[in-house]
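Remarks on the structure that follows.
Just so it is clear, none of the values below were taken in a lab; they were calculated from the coordinates. From a predicted model like this one, the values you see are computed outputs, not experimental measurements. Ideal geometry is used to build each Cβ from the backbone, glycine not excepted, and the neighbour counts take in all protein chains shown.
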Amino acid sequence: MPKRLTWKVKPEDIYEFKLVSDPQMSPDGKEIAFVVTEVKPAKEKGKKKYESHIWLMNVETKEARQLTFGKGSDINPRWSPDGKHLLFLSNRDDEKKGMQLYVIPRYGGEARRMTDIEGGVSDPQWAPKGRRVLFLASPPSKEKEKTDVKVIRRIFYKLDGAGFIHEKRRHLFVLTFEGARPKQLTSGDFDVSDPAWSPDGTEIAFIANMSENTDYEVRKDLYVISKMGGKPRKLYSGKGPLANPTYSPDGKYIAFLGQDMEKGFATNTNVWLITSDTGRPRNLTKNYGISAVSVVLGDARGPGGNPYPIWGRAGKYIYFLATKGGSTHIFRVDKKGKSFAQVTEGEFSVDSFSLSRRASKIVYLRTSAVNLPDVYLLNDEGEDIQLTNFGTDLTDYRYLSKPERFTFKASDGKEIEGWIMKPVDFKKGEKYPAILEIHGGPRAAYGYAFMHEFQLLATRGYVVFYINPRGSAGYGEDFAYAIVKNYGDRDYKDLMEAVEYVKTHFDFVDPDRLGVTGGSYGGYMTNWIVTHTDIFKAAVTQRSISNFYSFFGTSDIGYIFGKEELGGEPWKRPRAFLKKSPISYVENVKTPLLIIHSENDYRCPMEQAEQFYVALKYLKKEVELVRFPDEGHNLSRNGQPHHRVERLNHILRWFDTYLKGKGSKK
């Protein structure tokens, strides 16, 4: 039967989302555990909050049942090796204390709390025999706080989404399934990440940088440590970031993700293999021209994911996610690096996946431009079977605009990929205002993932178009590297040439009613655009950068970003930093600009918005600043639901005013 379209997209759809995430196959391959996140009323009047709970589904019958209930959120389900229990993280008992570790029987019953650690725990994993559990947590402070004054001694002292971390280090802990007191295995002035058990349960691999320069370097090393603790053994010294080690089934090898920083942050992330005894490394995917990361952006995703490379049956293949163009898919490579294949294909993106024990089935989370995430099964016959319909239950009955892909040749001959969305009430022969959306990153991509914001704009009568300009990920290292030390040049040209292409090739676009918006790097480019052209009649800049000089010292990653992306330090290259800063050209702005920013954004700090706003207001330009309290950099994706709705309404108000109302020609 054809779809019965009954509703149009609205900002408040966020309250109705049921976001599926983190599917995990049971050891016997018969059931899948996954997380469903919904919006519920908060204690404060008029506010909303997220609640996540764990569900189970029978693979054969597709019958689903909710396993966890109650207040708070339950996430990160992980099966015990015998399949009888599930570990999960929850803040059900004390939201202020952070996520704690719980265990619950597979067939239901009371969940048992296993940890009580201030600041919460993360990354829980069962030991191979199920008798122990490892996790990461911050050891308790040796000194009790007697003041609210912060004494900062580290350069990396704050982190967006986490707050002030100057007294916190993440370390490795182990506890027994019976619930004895956790034992701390690592200690020191460094952070541990991505722990993984060896198949025999005797040792644990993890990632860390234990050098004196740990806060100054992006470089990481691979270590192993005995299950009983002791001195860690460095297995591999990385030249750049490393992540997600996983042992082969026989324990002889460890696969991990890493890059050597040959082209800075534009370097492809590859799948590496190293012997677990001698530490001899081999790059398995270097010759295949892909980056083993998931970077296709969407604004409707639940918590959790699976970036780890996963070993298949008998350790022959290693499965992993990689972004290619506008899609993220599952790929596999053999341990010699000679056999390489794409496992999933289509106009969608895979967010996470899990294998059955024999690797004959793959369960994965799939989203597209017109579908919220749902769980799919790829069986041993190559059939794709949709298992859940939490997302499609919402999208199937709404009027949606399906993006049309286009490509064009940039002025230097490079092919650029983009998409355009018609208004949902599109009528042939009419012209519509159009909005250019610019993604963040810059090492990210737009493509086949659900964007509620785009669908909302299309519902309100706008053409929406977007491209992946130079600097984007998914098109090779040279493509991503093209903007290093040269922001606002080739990327700006790609975007402006995309505008000209759209105006020329799509006759339903009104060239006199163009808008532009973007967030983070996209906010930087929005600021750059309005200081370099007046072809846009309205602009909305979000979580943006306006001044690279001050960004160096105020962003949580500014001192690393500035060095790698702009080529040095601002006091040594002041002209270069200011030359690439939109605030240097603020007098040129003629476009009405709405600035949206979060007050707790530590990635692109509030001062970036403040100084751009004050400069524009001082010059008596058309500008507004909307500040969101108690929000960080990811307001548009996981901010408080009521704030996300309000943000969308401000965007609509601004574009409606200047592209349809008093500020427009029509």
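For the reader, a short list of remarks on this structure follows.
- Evaluating 6.51 cos²θ - 1.76 cosθ + 1.60 at θ = phi - 60° for every residue in the stretch 590-604, the Karplus couplings come out as 10, 7, x, 10, 9, 9, 10, 8, 9, 6, 9, 6, 9, 7, 10 Hz, glycine and proline recorded as x.
- Judged by the mean number of other Cβ atoms found within 10 Å, the most tightly packed of the peptides 457-468, 102-113 leads the ranking 457-468, 102-113.
- The residue list 195, 185, 638 was ranked by how far each Cα lies along the charge dipole of the chain toward its positive end, using unit charges on Cβ atoms, and 185 comes out on top.
- Cα gyration tensor, the stretch 200-251 - rounded (a/c under 1.5), prolate or oblate: oblate
- Set of lysines near residue 231 by C-alpha distance (under 20 Å), chain-local residues within fewer than 8 positions excluded: 183, 220
- For semi-axes √(5λ) of the Cα gyration tensor in Å, computed directly from the structure shown, the correct entry in (i) 40, 29, 25; (ii) 50, 24, 24; (iii) 90, 27, 24 is (i).
- The stretch 78-219: C-alpha gyration tensor shape, a/c 1.5 cut-off, then a/b vs b/c: oblate
- Cross-link reach list, lysines versus residue 414, counting only Cα pairs under 17 Å and skipping chain neighbours closer than eight places: 324, 493
- Gyration tensor verdict on the stretch 284-390 (Cα atoms; rounded if a/c is under 1.5, prolate if a/b is larger than b/c, oblate otherwise): oblate
- Proximity of backbone amide H atoms, modeled 1.01 Å from N, is registered between residue 396 and no other residue at under 5 Å, excluding neighbours fewer than 5 places apart on the same chain.
- Dividing the summed helix terms, -39500 (n - 2.57) for each DSSP H run of n ≥ 4, by the number of residues in the chain produces a 222 nm estimate of -4000 deg cm²/dmol to the nearest 500.
- Taking 151, 363 and counting other C-beta atoms within 10 Å, the order from fewest to most: 151, 363
- Taking θ as phi - 60° and the Karplus parameters 6.51, -1.76 and 1.60, the scalar couplings of the stretch 79-86 work out to 6, 5, x, 8, x, 8, 9, 10 Hz in sequence order, x denoting glycine and proline.
- Label-point separation in nm, residue 380 to residue 508, each point 7 Å along Cα→Cβ: 4.7
- Computed extension gain for residue 217 through residue 61, at 0.36 nm per residue and net of the alpha carbon distance, reaches 51.1 nm.
- Under-5 Å amide H pairs with residue 203, H placed in peptide plane, nonlocal only: 198, 227
- Charge dipole of the chain about the Cα centre (unit charges at C-beta), most positive-ward option of 547, 459, 475: 547
- Distant-in-sequence amide H partners of residue 311 (H built 1.01 Å from N, under 5 Å): 319
- Annotation: the antiparallel percentage among DSSP beta bridges lying fully within the chain is about 80.
- Farthest towards the positive end of the charge dipole of the chain, among the residues 577, 346, 401, is the Cα of 577, using unit charges on the Cβ of Lys, Arg, Asp and Glu.
- Derived scalar couplings ³J(HN,Hα) [the stretch 410-426; Karplus, 6.51 cos²θ - 1.76 cosθ + 1.60; whole Hz; x for Gly, Pro]: 5, 5, 9, x, 7, 7, 10, 9, x, 9, 9, 10, 7, x, 5, 9, 4
- If only the Cβ of Lys and Arg carry +1 and only the Cβ of Asp and Glu carry -1, the dipole of the stretch 261-388 around its Cα centre is close to 720 debye.
- If only the Cβ of Lys and Arg carry +1 and only the Cβ of Asp and Glu carry -1, the dipole of the chain around its Cα centre is close to 420 debye.
- Percent RCO, i.e. relative contact order, over the stretch 284-390, from Cα pairs under 8 Å lying at least 6 residues apart: 19
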